[in-house]
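Data block below; observations after.
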Amino acid sequence: MNIKLTCPPDAPAPVAFAADQLSAYLGRMLAGEEGELAIRLEVRPDPEPRRPDWFAVELNETEGSIAGNSGRAVLLGAYDCLRRLGCRFLAPIKGCEVVPPITRRALKLRYEHRASFYHRGVCIEGADSRENVLDFIDWLPKVGCNSFFLQFKTPWIFYARWRQHQRNPLREAEPFTPDDALAWMEEAEGELKRRGLLLHKVGHGWTGAALGYESVSWDVDPAPLGPDKRPLAAQVDGVRGLWKGVPANTNLCFHNGDAVDAFAAQVARYAQANPEADYLHIWLADEYNNVCECDGCRETTPSDQYVELLNEIDGRLTGLGLDTRIVFLLYQELLWPPVKARLANPDRFVLMFAPISRTFERSYTVERELPPIPAYARNRITLPTDLAENLAFLRGWQAQFHGDSFVYDYPLGRAHYGDFGYVKLARVISGDVKQLKGLGLDGYISCQELRSGLPNFFPNYVLGRTLMDADADVNQLLGEYFAAAYGADWPAVADYLSQLSGLSSTDYVNGKGGRRDEGMAARMEEIRELCLSFTPTLDAHRGAGGWATPFWEALNCHRDYVLKLARALRHLARREDGRAAEDWDAFRRFICEQEPDFQPWLDVYRVLEVLEKYTGLPPRQS
């Protein structure tokens, strides 16, 4: 079939990219058809700015059109059209998609859709290759997302962890420099702009930079804090200096006007030099119970000082004629709302609620009555795990700020390692998204590993699809995803992974609750028995030519992964530390050995970091 895509000559880059994508996919799908298909692509701007993505699709056997309120929305409409024609975009991995043959009679679509939320995206975490990042960016609009967040001024640490093969002694470190990271970042940003995706930048590192450090990671910096910078650092236990040697984790003394000036000046310089950033995140140190204790700082609260800092930054950006949107953070000490200070120009700002310590055993609920916010105790806070308590902090800020907002959440940042089946966690994500409007939030950015795909990428699929359409039914999504990934035997896989999820505990693996737990030990043994019982089903999908789909092969690796990890956790829950250490070492060796074959599916660096830091598994045996 001759497929002709047309768009205005002045159309933005994402429209031209959408035309290329439609031509490629429809060319494959209609390969056996004759005749001509003409499709027009165009942008129809919304009269009101900052409205969620909207697109309209009209298609028949010979012609059609796709319109959107931006170039990005046209691309989203193109992918949504392909989805309705049977395409399934299952993972940020080449070859993990379904592109079915169709006849021209299938080309009968007429609908329009506005995304349920404005903010729909992912933030980079873990250890990532250049290809991991580019493939994930390519996947985002295919599942309905519109945003990507590159942390720090350059995401050097995430690339470097991979290039240095941190935590995998079986692989040799490869050369990687800050210039390499900058080049990779610029390439990633180019791919984001090619698709019209919203670019979020920085967040971490501002405090370290104000103290004179490059601050592109959470690593210890051996360089001592200079005497000219020492007065800018927070005073904790009578000492001003780097917090545990890490600039990015060190707070400032915001009673000191020089510290405020150093912080605000660098933000203004950065914003002026980086107009490509759609959203600039302004965060403080990535630690808690380490804010300044000097007499001046004790007269106010960290959140009051934070708002005053944000107002100073806003004034400088206004003076430079910059309309950069600033994202401010409700996190750790900043969960407590300010007592007196208020944002002078709310329209510049976006509230980001980051409940990092919450449980993921269940979803949010919209409750009329919430517990009171506990009194703030400087450097003596305890982070809330209870969902209602977390939401009480959000409501406290919302009583003062009525502007744009979204949640920045972590189910695929570390909680997912505790859900061996990923099905329960996907349901929690679905439930959370469906509550966002009731919570007064207009979207969700997931702080997560990009390689969070063992056993599959279903939780990410649910996140993207439900943010695009809050009415999406998680059971229907499960059926369409699993059928595409596993074929006719998908119900058996769904049942198996659902049972694994039901026996798993995100809280236990993330360090919540006591480590001795006979009930957890029994559940880990039941998990092992379930994995072994599924072996014949796995074997039935491996033929002489290999596995039926890449997802079956990943599921086979996942079975062995779970068998080894559940054994270590069983011994941990029984406090059999020696045996737990042996099994933990066996698990480490296994995933390190498997990494070359399953690199896009599992972040070896991150799973080992999380399990060692939070779960309580004993140190590696020598």
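The values are calculated or read from the model by the stated rules, or taken from the named source; none is laboratory data. Nothing here was measured: the structure is a model prediction, and the numbers come from that model. So basically every Cβ, Gly included, is an ideal-geometry build from the backbone, and we count neighbours across all protein chains shown. Heavy atoms of the whole protein, side chains included, go into the accessibility calculation; ligands, DNA and RNA do not. Shrake-Rupley method; radii C 1.70, N 1.55, O 1.52, S 1.80 Å.
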- Note on the structure: When every residue in the stretch 30-55 that is basic (K, R) and part of a loop (DSSP other than H, G, I, E, B) is compared, the one nearest to L82 (Cα to Cα) is R44
- Task: Taking T250 as meeting all but one of (1) in contact with a Pro (Cβ under 9 Å, 6 or more places away or on another chain); (2) open to solvent by less than 50 Å² (accessible area, probe 1.4 Å); (3) touching a residue at least 24 places away in the same chain (Cβ under 8 Å), write down the number of the exception.
- Result: (1)
- Item | Members of the stretch 398-443 found to be touching a residue at least 60 places away in the same chain (Cβ under 8 Å), of a type in the set (F, W, Y) and not in a helix (DSSP H, G or I), listed by number | F406, Y408, F420, Y422
- In the stretch 382-398, residues that are surrounded by fewer than 18 Cβ atoms within 10 Å (Cβ to Cβ) and either charged (D, E, K, R) or within 19 Å of T300 (Cβ to Cβ) (or both) total 2
- If you go through A548, A581, the only one that is of a type in the set (A, V, I, L, M, F, W, C) and open to solvent by 10 Å² or more (accessible area, probe 1.4 Å) is A548
- Message: What's the total number of residues in the stretch 326-355 that are surrounded by 19 or more Cβ atoms within 10 Å (Cβ to Cβ) and of a type in the set (K, R)?
- Response: 1
- Among A259, A277, A285, the single one that is touching a helix residue (DSSP H, G or I) at 6+ places or on another chain (Cβ under 6 Å), aliphatic (A, V, I, L, M) and in contact (Cβ under 8 Å) with a residue 60 or more places away in the chain is A285
- Query: When you go through (1) assigned to a helix (DSSP H, G or I); (2) out of contact with any helix residue (DSSP H, G or I) (no Cβ under 8 Å at 6 or more places or on another chain); (3) closer than 30 Å to E276 by Cβ; (4) open to solvent by 40 Å² or more (accessible area, probe 1.4 Å) one by one for V307, which number turns out not to apply?
  - Reply: (4)
- Item | Failed condition for L617, given (1) open to solvent by 50 Å² or more (accessible area, probe 1.4 Å); (2) within 27 Å of the chain's Cα centre (by Cα); (3) over 30 Å from C96 (Cβ atoms) | (1)
- Test: residue in the stretch 275-296 that is assigned to a helix (DSSP H, G or I), at pLDDT 95 or above and more than 27 Å from the chain's Cα centre (by Cα): yes
- Message: On the basis of being surrounded by fewer than 22 Cβ atoms within 10 Å (Cβ to Cβ), more than 26 Å from the chain's Cα centre (by Cα) and either touching a residue at least 60 places away in the same chain (Cβ under 8 Å) or assigned to a loop (DSSP other than H, G, I, E, B) (or both), does R378 make the cut?
- Response: yes
- Message: Here are the criteria: (1) open to solvent by 10 Å² or more (accessible area, probe 1.4 Å); (2) assigned to a helix (DSSP H, G or I); (3) of a type in the set (G, A, S); (4) closer than 30 Å to N510 by Cβ. Tell me which single one G315 does not satisfy.
- Response: (4)
- Task: For the stretch 436-471, name all the residues that are open to solvent by less than 10 Å² (accessible area, probe 1.4 Å), under 25 Å from R50 (Cβ atoms) and over 14 Å from the mean Cα position of the chain (by Cα).
- Result: L436, L441, T466
- Item | Hey, R88 basic (K, R), in contact with a strand residue (DSSP E or B) (Cβ under 9 Å, 6 or more places away or on another chain), surrounded by 13 or more Cβ atoms within 10 Å (Cβ to Cβ) and in contact (Cβ under 8 Å) with a residue 24 or more places away in the chain or not | yes
- Message: Out of the residues in the stretch 106-127 meeting the condition of being in contact (Cβ under 8 Å) with a residue 60 or more places away in the chain and aromatic (F, W, Y), tell me which one is most open to solvent (accessible area, probe 1.4 Å).
- Response: Y118
- Task: May I ask you to list the residues in the stretch 96-141 that are out of contact with any Pro (no Cβ under 8 Å at 6 or more places or on another chain) and among the small types (G, A, S)?
- Result: A106, G121, G126, A127, S129
- Filtering the stretch 279-290 down to residues that are open to solvent by 20 Å² or more (accessible area, probe 1.4 Å) and in contact with a His (Cβ under 7 Å, 6 or more places away or on another chain) yields D286
- Message: Tell me yes or no: at least one residue of the stretch 98-109 is of a type in the set (D, E, K, R) and under 28 Å from L555 (Cβ atoms).
- Response: no
- Please note which helices (runs of 4 or more DSSP H) are completely contained in the stretch 518-618 and include at least 2 residues that are of a type outside the set (S, T, Y) and modelled with pLDDT under 95. 577-598
- Query: Of the conditions (1) part of a loop (DSSP other than H, G, I, E, B); (2) of a type in the set (S, T, N, Q); (3) without any contact (Cβ under 8 Å) to a residue 40 or more places away in the chain, N475 fails just one. Which one is it?
  - Reply: (1)
- Examine the stretch 357-369 for a residue that is outside any loop (DSSP other than H, G, I, E, B) and free of Cβ contacts under 8 Å to residues at least 40 places away in the same chain, and state whether such a residue exists. no
- Message: Which condition from (1) modelled with pLDDT of 95 or more; (2) open to solvent by 20 Å² or more (accessible area, probe 1.4 Å); (3) farther than 25 Å from G440 by Cα is the one that G68 breaks?
- Response: (2)
- Task: Kindly indicate which of L150, L134, L140 is under 16 Å from the mean Cα position of the chain (by Cα) and surrounded by fewer than 21 Cβ atoms within 10 Å (Cβ to Cβ).
- Result: L134
- Task: Filter the stretch 190-234 down to residues that are surrounded by fewer than 21 Cβ atoms within 10 Å (Cβ to Cβ) and of a type in the set (S, T, Y), then give me how many there are.
- Result: 1
- Task: Could you tell me whether L497 is surrounded by fewer than 24 Cβ atoms within 10 Å (Cβ to Cβ), at pLDDT 95 or above and closer than 17 Å to Y561 by Cβ?
- Result: no
- Filter the stretch 235-247 down to residues that are part of a loop (DSSP other than H, G, I, E, B) and of a type outside the set (A, V, I, L, M, F, W, C) and give me whichever is most open to solvent (accessible area, probe 1.4 Å). D237
- Looking at the stretch 257-278, which of its residues are more than 17 Å from G321 (Cβ to Cβ) and crowded, with 19+ Cβ neighbours inside 10 Å? A259, V260, A262, F263
- Just need a number here: residues in the stretch 6-29 that are hydroxyl-bearing (S, T, Y) and outside any helix (DSSP H, G or I). 1
